[in-house]
Every structure is written in structure tokens, then in C-alpha cells.
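The values are calculated or read from the model by the stated rules, or taken from the named source; none is laboratory data. Worth saying up front: this structure is predicted, and the values here are computed from it rather than measured. No Cβ is skipped: glycine too gets one built from the backbone with ideal geometry, and neighbour counts run over all protein chains shown. Each accessible area value is taken on the protein alone, full model and side chains, heavy atoms only, with ligands, DNA and RNA left out. Shrake-Rupley method; radii C 1.70, N 1.55, O 1.52, S 1.80 Å.
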Amino acid sequence: MTASVTAARPPSDITKRSLPASLIIHALLIAASLLMLYPLLWMVSASVRPENEIFSSTSLIPSSIDLSSYARGWVGLDVSFGRFFWNSLVISLLVVTGNVIACSLTAFAFARLRFAGRNFWFAIMLGTLMIPYHVTLIPQYVLFLNLGWVNTILPLVVPKFLASDAFFIFLMVQFFRGIPRELDEAAMMDGCSAWRIYWKIMLPLSLPVLATAAIFSFIWTWDDFFGPLIYLNDMNTYTIQLGLRTFVDSTSASDWGGLFAMSTLTLVPVFFFFLFFQRLLIEGIATTGMKR
């Protein structure tokens, strides 16, 4: 009788007991979020402050709104900042296209096809994840210099079409292995080739992991500073990261207002790109490696 009464008791008592703890946890999470967002909010606030107030206050509320930093930052350099945006957009989209196509093809081969030395080459591919980028930087630079590709976007784009990002290959291999092989066998019985299985079956079912690779590729390329710094010398080919660097000059006055204004604008494409594909990104990461 006691057990039945306890089971029939409404969960209001439990809810009341957990409410204070829940409020404390949420308050701590909100405080931590505000602490992490403070530098970003301060940058946005500094972009609309008068120049002489940027470093004089830590407050997020400016005394007055001054949008001249945006106009000055956009056209204040020898090359319009719109050119830097266009260069970064072209490189990022080409990298996304190359990674999605080349890495998915390579992952399909490792996950679905049988060929001599498959496990060996897969282990070699995983081993490249442990090699620092700086180790291969000089040989790659010498190669691209001999090819005449320095000061072009080719060194930043062409390797992506050759499946050079082992991380995305591994991510897709784990996802492909979770797709039942019965689908492949049924398609083969209907006369489908390996290419048609990849194109008609694997790709439509792998949209989450493809979106994950596309989002990470876009964000990493958009934010990359070191690669363009090594290979791009002409200001007309600069990406936004190199363009932002030109606002800070150690030999003359630096335009901090223009720097913060353009830094704020550079966050907009990444924010919306992530916002639109957030659901697919979470689904791709959550389901990678899970059996279905």
C-alpha cells in the first residue's frame, strides 16, 4: 500500500526540491557564458566607440555611437576590404568543395571497397594526423615554389581536392561504417556499380557528416592566417585575416577602430554559416561511429 501511494505521488515535491539547485546551476552557466562572451561583446562595442575611448573603458556601453570606423576600415587601405572578403569567400568555398568531394570518395573506398593493403593505407592515413603541419611546411613550400604557385590561391586549394585532410576522411569512414551493408548488396544485385552506390546511396544518407565536414572546413579556412601568410604576397590576393593584420602597424599609427569594425564584420559569415547548418552539424557529430 505504501509503495503504491509513493508511486502515485505527483512529482511536484521532487520538482520543488530540485528547483533551487536548477536555478543555481543555470545562474552559474549564464555567468560563465557572459564571461566567455565578454571579449566578443567588447570588440563589437569598441567598433562603434569614438577612437579616443576604445582603450579608456572596459564598459560594454559606449558613451556615443560612432560608425565612422566601419567606413574607414572598409576603404581605408590601399585595397578595399571587400576584396579581402571576396578572396576569403572564394578560397573557403573551394576548400569546402574539395574536402567534401575528395574526402567522401576516399572514405567510401576505405569503408566499403576491398582492395590490397586497405588496412595498411588506412593506418598510414591516420598516422598523418600526428604529423605537425610545420614539419611538412618547407617541403610543400619548395614544391609549390617550383610549380610557380606561390602568390596564388592554388597551394591553399589544390591539396584539398587530393584528400589531404585525414581528419575528415576518418570522420566519414566512421559514419559510412554505420550504414548497413545490406543496402550495398541490394544495389549490387540490381546491377549498380560502386560509383552509383556512392552517388545514389551513400551521399544522400551521409548528409549530416558531409555538412559537418563542410562547416569545419569553412570555419577553419575562413579563420586561417598562417597559410595565406606563407603563400600570398600581393595585397590584392590577401584574405581577410591578412587584411586585418594591415590595420596594425608597428612603425606608424594603428587604426584600432577600423580593426575592430572589420573584425566584427568578419564574424558575420561564420555566424550565419554555423546558424543555418547547426542541426546537421550536431547530428553529424552525434551519429558518427554509431551503429544503425
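Side notes on the structure shown:
- Residue of ASP66, ASP78, ASP255 that the Gaussian network model of the chain assigns the largest fluctuation, springs spanning Cα pairs under 10 Å: ASP78
- Principal axis dimensions, largest first and in whole angstrom, of the chain by Cα: 77, 69, 32
- Phi angles across segment 179-189 convert, under the Karplus curve 6.51 cos²θ - 1.76 cosθ + 1.60 with θ = phi - 60°, into 3J(HN,Hα) values of 7, x, 6, 4, 5, 5, 5, 5, 5, 5, 5 Hz, Gly and Pro given as x.
- Under Karplus coefficients 6.51, -1.76 and 1.60, residue-wise ³J(HN,Hα) of segment 210-227 in Hz, glycine/proline x: 5, 5, 4, 4, 5, 5, 5, 4, 5, 5, 5, 6, 4, 8, 5, 10, 5, x
- With the gyration tensor restricted to C-alpha atoms of segment 82-206, the semi-axes of the equivalent ellipsoid amount to 32, 19, 12 Å, longest first.
- Average projected area [Cα convex hull, segment 138-259], square nanometres: 11.2 nm²
- ASP255 long-range amide H proximity, modeled H, under 5 Å: ASP249
- Selected from LEU232, LEU242, LEU143 as most flexible by GNM, with the chain as the system and alpha-carbon contacts under 10 Å: LEU143
- Dimensions (Å) - segment 95-167, Cα atoms, principal axes, largest first: 40, 25, 19
- Kirkwood Rh and Cα Rg combined as Rg over Rh, evaluated for segment 20-165: 1.15
- Rounded to the nearest whole Hz, the Karplus-based 3J(HN,Hα) values (6.51 cos²θ - 1.76 cosθ + 1.60, θ = phi - 60°) of segment 112-127 follow the sequence 10, 8, 10, 8, 5, x, 4, 5, 5, 5, 5, 5, 4, 4, 5, x, with x at glycine and proline.
- In plain terms, the chain from CYS192 to ALA32 could stretch by 52.3 nm, reckoned as 0.36 nm per residue minus the Cα-Cα distance.
- Taking ASN236, ASN151, ASN119 as the candidate residues, the one with maximal mean-square fluctuation in a Gaussian network model of the chain, Cα springs under 10 Å, is ASN119.
- Given their separation in residues at 0.36 nm each and the Cα-Cα distance between them, LEU60 and LEU143 gain 25.0 nm when the chain is fully extended.
- By average C-beta atoms within 10 angstrom, highest first, the peptides 36-47, 99-110, 260-271: 99-110, 260-271, 36-47
- Heavy atoms of PHE274: accessible area, 1.4 Å probe, square angstrom to 10: 80 Å²
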